[in-house]
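So the structure is just underneath, and the comments pick up after that.
Each reported figure results from applying straightforward, stated rules to the coordinates on display, with no laboratory input. Since the structure is predicted, the reported quantities are computational estimates derived from the model, not experimental observations. Because the Cβ atoms are built from the backbone with ideal geometry, glycine has one as well, and the counts that use them run over all protein chains shown.
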Amino acid sequence: MRSSRSVLAVAAEPLYEIYVKGAPAEGLVNEKGELGDCPFSQRTMMHMQEKNIPYKTMFVDEMNMKEIPWLSDVTEGACQIPFMKELETGKWYHDSDFLVSYLEDKFPERKIGKPDTDPQVGKELFPTAFIEYLTTDGEGQKGKEERLLAEFQKLEDYLAQNQADYFGGSDVCSTDLALSPRVKHILVGGKAVKGFELPASFKLVHAWLERIQSRPSWPKCCPDEKWMEDGWHMKRKMEMDS
Ligand SMILES: N[C@@H](CCC(=O)N[C@@H](CS)C(=O)NCC(=O)O)C(=O)O
């Protein structure tokens, strides 16, 4: 049997099927489709792109995915995307933190890093601070916006202190790949729903996001902004109605 390393070197045949959120489409799981608005899916795919791990994308209808009869089995009851099937072993894995750590061990040639050992920055920004801001109107809104900006300030301060292009230093680490889709969701969703703009004074955060967006992995994994806008309008409505 060929090792993973030699497969990577000679062929782009998929080693994994990764099940991610699809944009609205017919069918619960589709081989063809468009990426939907899931930052955890984006982060996992970017990790695979950056590590040059060939994979096949499967698009899942998140709204109706509980109807997939085998979903609970393959996700140990979590029933969340992303999840993936390792084609060589037939084993299934789920949860983006686990997936990127697993792939890091399995493919050590191109190191990115793992969520538990890379810089612990931005944990409160998304979803906590963002959802609170998105779902608070009236008198409380100013305080929630201040909290959101305070969380962004922590990113700005970290980048300033470390004087590097990325949270990982001169190259991306798992923190960069986890945070950038979340920050993109805040900027796109926050603007669409609440007219939020991250002030230009957050120079290092803006430059960092631009830098990640210019990497080849970004356009291959980032959904159309339209799906993020629709998704956050829907999320706010669901939270406000509940
Ligand atoms: N901790 C999970 C979170 C994944 C997650 O929240 N996925 C969302 C889509 S973006 C989902 O599957 N939501 C459906 C649900 O929770 O019922 C991870 O990092 O993979």
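All of 130, 98 fail the test of being within 15 Å of the ligand (Cβ to nearest atom), aromatic (Phe, Trp, Tyr) and either part of a loop (DSSP other than H, G, I, E, B) or without any contact (Cβ under 8 Å) to a residue 40 or more places away in the chain (or both), apart from 98.
Whenever a residue of the stretch 26-37 is more than 16 Å from the ligand (Cβ to nearest atom), its partners that are part of a loop (DSSP other than H, G, I, E, B) and of a type in the set (Asp, Glu), lying with C-beta atoms within less than 7 angstrom and at least six residues away or across chains, give the pairs 27/61. In the stretch 209-231, of all residues being in contact with an Asp or Glu (Cβ under 7 Å, 6 or more places away or on another chain) and under 13 Å from residue 183 (Cβ atoms), the one that is surrounded by the fewest Cβ atoms within 10 Å (Cβ to Cβ) corresponds to 211. Taking the residues in the stretch 50-90 that are acidic (Asp, Glu) and assigned to a loop (DSSP other than H, G, I, E, B) as candidates, determine which candidate is farthest from the ligand (Cβ to nearest atom). Step by step, filter the stretch 50-90, then rank; the result is 88. Please tell me if residue 128 is under 30 Å from residue 51 (Cβ atoms) and surrounded by fewer than 18 Cβ atoms within 10 Å (Cβ to Cβ). Criteria met by residue 128. Residue 179: in contact (Cβ under 8 Å) with a residue 12 or more places away in the chain and in contact with a His (Cβ under 9 Å, 6 or more places away or on another chain), yes or no? Taking the combined requirement at face value, the residue does not satisfy it.
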